[in-house]
Amino acid sequence: MTRVRRGAAEWAVWIDEWRSSGLGLAAFCQRHGLSRGTMQNWVYKPELKRAVEEARRRVKAADEPRAERLPSVATVPAFLPIQVVEAATESKEGRAGVEVVLGEGRRIALRAGFDAETLRRARAVLEERPC
């Protein structure tokens with residue numbers, strides 16, 4: 001049998017599946033081609049149990065919506081590049097418009113006071129997606 005190294009996150013998944021399967025540990029391991037001894041270690045050894053619990057916490061934190069999490073110091077904001085082609089001029093209403101360049105020659109020019117739903121539909125058509 002080929003030896004496969006698994007991390008705590010993978011063992012957390014296997015352990016959860018085993019516990020919900022209703023099978024004994026030996027039967028579960030045999031069915032899934034897992035080493036019974038190794039799985040026992042991850043289930044019962046304190047240092048490995050802690051690693052499994054930490055892996056579960058990391059997965060849970062990653063699955064939470066961003067608004068519910070505190071920002072991480074290591075989080076780097078993602079910005080899209082923009083290029084200012086020319087300074088905007090004000091329209092008759094005193095507000096400037098904007099032009100959105102979608103790429104491959106596709107552009108959407110918006111005047112002040114544009115309708116957001118119309119923009120969504122136009123973008124969907126230009127990107128060939130259903131509205």
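What follows draws every value from the coordinates through simple rules; no lab data is involved. No experiment lies behind these values; they were computed from the predicted model shown. Cβ coordinates were reconstructed from backbone atoms using ideal geometry, including for glycine residues, and neighbour counts include every protein chain displayed.
General observations
- Among Ile15, Ile108, the ranking by other beta carbons within 10 Å of each residue's beta carbon, starting with the fewest, stands as Ile108, Ile15.
- Taking amide H positions as modeled 1.01 Å from N, with prolines and chain starts lacking one, the residues under 5 Å from Gly97 and 5 or more places away or on another chain are Thr89, Ser91, Ala112.
- Residue (of Ala55, Ile15, Gln40) at the positive-pole extreme of segment 8-68, dipole from beta-carbon charges: Gln40
- About its Cα centre, segment 8-68 has a charge dipole of approximately 180 debye under the convention of +1 per Lys or Arg Cβ and -1 per Asp or Glu Cβ, with nothing else charged.
- Solvent-free Debye calculation, one equal scatterer per alpha-carbon of segment 8-68: log10 I(q)/I(0) at 0.15 Å⁻¹ equals -0.48.
- Local charge for Leu34 was computed over the other residues whose Cβ lies under 11 Å away, with Lys and Arg +1 and Asp and Glu -1, and equals +1.
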